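Quick notes on the structure that follows.
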There are 2 protein chains.
Amino acid sequence: MPAPARSAPYLPGQEEIRRQNLGAVLRHVHLHGPTSRAELTGRLGLNRSTIGALAADLAAGGLVTEEPPTVALRAGRPSLVVSPRSGGVYARALSIESDRLRAACVGLGGRVLDLREVARPPGMPAADAAGPLACLVRDMERGLAEGARCAGGAVAVADTTRDADGRIRIGRADAELGAALYAEFPADPGFVAGDLADIAALAEHARGVAAGTDDVVYLHGDLGVSAGIITGGRLVSGHRGHGGKVGHMVVNPGGVRCGCGSRGCWETEIGVAALLRHAGREPGTAGLAAAAAEVLRAAEHGERTACAAVHRVADWLGLGVASLLNVINPGLVVFGGSLRQVYAAGADVVHRRLDVSALPASRERVLLRAAALGRDAALIGAAELAFGRLLADPLNAGVAAREETGLRATDGGVP
Amino acid sequence: MPAPARSAPYLPGQEEIRRQNLGAVLRHVHLHGPTSRAELTGRLGLNRSTIGALAADLAAGGLVTEEPPTVALRAGRPSLVVSPRSGGVYARALSIESDRLRAACVGLGGRVLDLREVARPPGMPAADAAGPLACLVRDMERGLAEGARCAGGAVAVADTTRDADGRIRIGRADAELGAALYAEFPADPGFVAGDLADIAALAEHARGVAAGTDDVVYLHGDLGVSAGIITGGRLVSGHRGHGGKVGHMVVNPGGVRCGCGSRGCWETEIGVAALLRHAGREPGTAGLAAAAAEVLRAAEHGERTACAAVHRVADWLGLGVASLLNVINPGLVVFGGSLRQVYAAGADVVHRRLDVSALPASRERVLLRAAALGRDAALIGAAELAFGRLLADPLNAGVAAREETGLRATDGGVP
């Protein structure tokens, strides 16, 4: 089905085409690692001299290195290998999760240069995390290679913001958090904020189990449940950026009350609290997540009540996934966070439920997979988001080494 | 949130740019009607001489006319007005609905030149509709202006395909239907098939209540319920084109069995059969749709049982809409088909349910509206789909009057 009508014609000039080509070369080595000029020529459909000039410009800008291959495969002059300068250009990647704050410096090419985390005190507002996260970042930055330049930052925020009255308010804290981070890093390229599930979905799509699949539902379980939904290769952000709150699909109208004020939301049946409830356990002092992990471990060892609880959650998991298959028809569903373990323990239950509740047309061609990047998905995705501006316009994003190239650059210090 | 990474650079040549510009001019007058060259210059951001040349080429190709304005507004030479040749270029638009088959010839610019319909016998497979529909089309075509050329065809198929055992099978009939239509019109540009709700959504997005809104859920009620979902300006078709089967979201796991084999699907609570069930009525000989219309009329006149039935359906309608708001965060929800009347009669009930079950962030900025194009949305949308190839490449789509222009054209006779 073609896209709805658009009026504006697309008219790139020479500069725009060069910018796109520089971005394509840098993006390729960023995602796929060291690549020879000859291979880039084939992959990107550009001629040899163009690739040579683009790679040379990126190297002069300090974004890539060019070196002869360690092993020459053919006779004649070997094609130079273009590699991202992981140690020289990095992103600040942050995540605010239900029980901890995490920060990483991720080099161009996706290599995690350093990673730190601290506990998040229960009830700490997301905006208050800016200070502790900035400490972690500064501490890591002292250990980076001299002259390393920051391409940008991004923060993945788990979907746990609540009003004073306890009702879940999605999105409210983003502006405050942005301002707090800007206060910590006023001179730098600033931070992009996004929902943790959206950002983890981008990570799995760029470097994980969803690479190469254009219609993906990534489900992330924590205290709440949300999704990063990719259709036609693009993230569904929705009208105001609040898409993917699948934890608040009503699946059981006669069920228990949800923190959002509604009743029978999906997360009341598949979140970590549901797992504990079905297992007849209390959260204890270690917190919900730790207690839920305990139930999953007990189920692995065959403990009866724990197994029954996991099965019950897996059945509800299957029911909601069936609805999402029918509505969105993804080619792949990825289970992340606590749902990774629930799926691992109850995959057969999930599949049986899909056989009943998903339409054959939507069920027969879908793959269900555990997330590949584990807990780091949010940080890896945040780095991808942070590198976005650099990859869109490599030599003008305020990151390239201008003094070395003499290129005229626009001001990159936009918060 | 930016789109996930793509490697391939975009390198349009002169021919590609000209093609895009021709498409932009033709699309503009197709969607917005007669427009002066001066206005096109402003709207499309192209210079005056470029617009003049493009309009002249489209006129030579028989796709537009150029005439002086009927009233000159300023002194000096008036800017020519470019109009789509509605009578000269048309699309074959078909719809296969639960109780009838409809066909229209729709001129470039969206004018319905002629429209016919016949009853669809209960249980008639979609593929069997090709013959009767072809008769309607041929009959209409005899009345069109001499030399009128067909730009293509499209057929909107209501989501009612069932297996021999009665289970709903989405998508199975499309290939058979395509082959049957091709057998009826072997020499012509062929037909595109799509889900009726998807196609009606495109119509509302191009020419109806959703024009200018990029995140839309269009809900279509008939025997079943399905949706056309547009996010970021693009239709969500899903991995295999089966997206939007919202009628099979499970909203009431303890509810009645659905034709798909599951239990408590949304359409078991908001489809026309649910309306009859809640009103304690039988379908009668006139069919489900007619009996449901009777309940809605009785509710309008204040009949108690009918009112209670409409309220109950409206409450379930609100519950499912709440889930869709939370998952997709649209800016607009459009009610079409039988749901148009349910919403008109029970809007207050729907809104009360949203207040409870939709997240404030998703609820506060959404508009709920009745469909604007009524029953014709499917045909208008099918015409938009059918014109797609012409609008993408106006002078090479096998439609433009080649003999007049002398342009070299690719073979347009692709089925």
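Things worth noting here:
- The calculated FRET efficiency for B:Asn47 paired with A:Val112, based on their beta-carbon distance and R0 = 60 Å, is about 0.75.
- Overall form of region A:247-352 per C-alpha gyration tensor (a/c, 1.5; a/b vs b/c): oblate
- Gain upon complete extension [B:Glu67, B:Ala119; 0.36 nm per residue less C-alpha separation]: 14.4 nm
- Between 0 and 90 degrees, the angle of helix A:338-357 with respect to the longest Cα principal axis of chain A falls at about 70 degrees.
- Mean separation of Cα contacts under 8 Å, 6 or more apart, over the residue count of chain A: relative contact order %: 17
- Bridges between two residues of the protein assembly as shown, per DSSP, are antiparallel at a rate of about 55%.
- Relative to the longest principal axis of the Cα atoms of chain B, helix B:130-141 runs at roughly 40 degrees.
- Bridge type composition, chain B - antiparallel percent by DSSP, nearest 5: 55
- Between copies, B:Val256 shows label-point distances of 3.2 nm, shortest first, with the point placed 7 angstrom from Cα along Cα to C-beta.
- With its label point defined 7 Å out from Cα along the Cα-to-Cβ axis, A:Glu66 lies at 4.8 nm from the matching points of the other copies, in increasing order.
- For the peptide B:361-373, the mean number of other protein chain Cβ atoms found within 10 angstrom of a residue's Cβ is 2.
- For peptide B:118-129, the mean count of partner chain Cβ atoms within 10 Å of a residue's Cβ comes to 0.
- Cα gyration tensor shape of the protein assembly as shown, rounded if a/c is under 1.5, else prolate or oblate by comparing a/b with b/c: oblate
- Here the simple spin-label model places points 7 Å from the Cα toward Cβ, and for A:Ala179 and B:Arg304 these points are separated by 5.7 nm.
- FRET efficiency estimate (nearest 0.05) - Cβ-Cβ, B:Arg365 to B:Ala187, R0 45 angstrom: 0.35
- Per-copy distances of the B:His351 label point, shortest first, in nm (7 angstrom along Cα→Cβ): 4.9
- When each of the peptides B:77-87, A:143-153 is scored by the mean number of other C-beta atoms lying within 10 Å of its residues, the order from highest to lowest reads B:77-87, A:143-153.
- Exposure proxy ranking for A:His239, B:His32, B:His220, based on other Cβ atoms within 10 angstrom of each Cβ and starting from the fewest, stands as B:His32, A:His239, B:His220.
- Helices in the protein assembly as shown, meaning DSSP H runs of at least 4 residues, each add -39500 (n - 2.57). Divided by all residues, the mean residue ellipticity at 222 nm is -12500 deg cm²/dmol.
- In terms of surrounding Cβ atoms within a 10 Å radius of their Cβ, B:Val256, B:Val137 rank from fewest to most as B:Val256, B:Val137.
- Computed from Cα atoms, the angle from the helix B:14-32 axis to the main principal axis of chain B rounds to 60 degrees.
- Using a Förster distance of 41 Å, the FRET efficiency for A:Asp355-B:Thr285 (Cβ separation, nearest 0.05): 0.65
- Modelled this way, with points 7 Å down the Cα-to-C-beta line, the labels at A:His32 and B:Arg375 are 5.5 nm from one another.
Coordinate-derived values only; no laboratory data. These numbers come from a predicted model, not from an experiment. Quick reminder, even Gly has a Cβ in these numbers, built from the backbone with ideal geometry, and neighbours come from all protein chains shown.
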